[in-house]
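The values are calculated or read from the model by the stated rules, or taken from the named source; none is laboratory data. Just so it is clear, the structure is predicted and the values come from calculations on it, not from any experiment. Every residue, glycine as well, gets a Cβ built from its backbone with ideal geometry; the counts of neighbours run over all protein chains shown.
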Amino acid sequence: MRSLKLRFSYFSFLPILLVLGCTPDENTDLEYSDIEQSIEVEEIAERYGIPEASFKIYDGIIKKNQFLADILLGYGVPYGSIASLENVAKDVYDVRKLRQGDPYAMFCTKDSTESACYFVVETSPDTYVVYQLNDSIAAYIGKKPVVTKIREVGGVINSSLSQTIAENDLSPTLANKLSDIYAWTVDFYRIQRGDYFKVIFEEIYVDGQSIGIGHVLAAEFVHRDEAFYSYRFVQDSVANFFDQNGESLRKAFLKAPLKFSRISSKYTMKRYHPVQKRWKAHLGTDYAAPPGTPIMATGDGTVIASAYSKYNGNYVKIKHNSTYTTQYLHMSKRKVKVGQRIRQGDVIGLVGSTGLATGPHVCYRFWKNGNQVDPYKQDLPPSEPIESKYKDAFKLAMDTLAPLLERIHIEREDV
């Protein structure tokens, strides 16, 4: 038995709580002064919530084509008990879902019989299923303690965001999160050498090992020598990212209908057509990508066309409002129907080469007031900014995170 003295200040955590969506009203059980308390703790070693000292434990890994019955029979569990367990467990975690490579532990009595008492299998890094075999047959799901740490990292881009993330031994999920945050403001198809990023994010640990990334709290992305800031903030129970002025980073349209592809042909009034072998206007932007790559709607709207034509191949056209319309050509497959309401980011089809196309790509066309225009030259309207009632809370959160971004060191070569 030992005594622990805990001391913390509510105000020291308030800015981060605001970023994560907590407000003083939601934490009325906390006092606004320092709290000091002594707690007596009796330390008993447990594993999966089961006292280790009471059992003999055998560890293993589920092998290819190995079923629960194969394992339990090896520890002397009779067929009748296995059948009962499978029946009881089906509404908790069906034993047929156990996969090759899942770690497991068998808890047996310490006497000469070594009777099986608990079979525990880890179904994910932080989740496990306990199959109780002694006394009464039962099954339940447990969770390992999760520790969330705040990390601050940065990197200079030499080729692509994803490659830079990998070179810095960071999770690929971070690249996806950054690309989602800046999808409306940074042109990831025109990233140039020397662009760089700084990011503050949550990293989740179980048993001392990182198992993934939580929320991105703040970021700075410098693209073509222009800095784009983003701060995560929750208002009206909805999390979004805002710049240093409280304006939303979410624009009315995504910069592109695909993730991590390349522009193979730009919007131009004069292009040599590779199939028709003549010069003509190309009133769209072509994004080359592997066949089957998901194509996303760049904005909210209603599908007004989902069809096939000789030149366009499979195509979808979406009306966003009285001003803007977008169209997506050469799909291998359409996934929406006329009249269907679409949200920004919804998958509306797959990349293909149907119609007049020499290879797999999507031709993205953009209309403004009935005329086809270059989407990259449009001043698109932003989403709603920080509401007046949240401005002070947002400023407090931003003033806490901005210095942390500032101190992240970037070694940038002259470019």
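Here are some notes:
- Subset of segment 176-213 (residues that are at positive phi and either buried (at least 16 other Cβ atoms within 10 Å of the Cβ) or in a strand (DSSP E or B) (or both)): G194, G212
- Any hit, segment 226-249, residues being surrounded by fewer than 18 Cβ atoms within 10 Å (Cβ to Cβ) and more than 18 Å from S383 (Cβ to Cβ): yes
- Within segment 58-72, considering residues that are hydrophobic (A, V, I, L, M, F, W, C) and assigned to a loop (DSSP other than H, G, I, E, B), the one nearest to Q100 (Cα to Cα): I62
- Residue match in segment 103-113 (condition: out of contact with any helix residue (DSSP H, G or I) (no Cβ under 9 Å at 6 or more places or on another chain), modelled with pLDDT of 95 or more and closer than 30 Å to H215 by Cβ): yes
- Just one of the listed residues (I165, I181, I191) is of a type outside the set (D, E, K, R), under 26 Å from Y287 (Cα atoms) and modelled with pLDDT under 90, namely I191.
- Selection count where residues are under 18 Å from N321 (Cα atoms), of a type in the set (G, A, S) and in contact with a strand residue (DSSP E or B) (Cβ under 7 Å, 6 or more places away or on another chain), scope segment 356-383: 1
- Within segment 392-411, the residues that satisfy the criterion of being of a type in the set (D, E, K, R) and exposed (fewer than 13 other Cβ atoms within 10 Å of the Cβ) are D392, D399, E406, R407, E411.
- Checked against (1) among the charged types (D, E, K, R); (2) assigned by TED's automatic domain parsing to the domain that holds L217; (3) in a loop (DSSP other than H, G, I, E, B), K110 meets all criteria but (2).
- Considering segment 377-415, the residues that are modelled with pLDDT under 85 and within 26 Å of the chain's Cα centre (by Cα) include one that is nearest to Y308 (Cα to Cα), namely L380.
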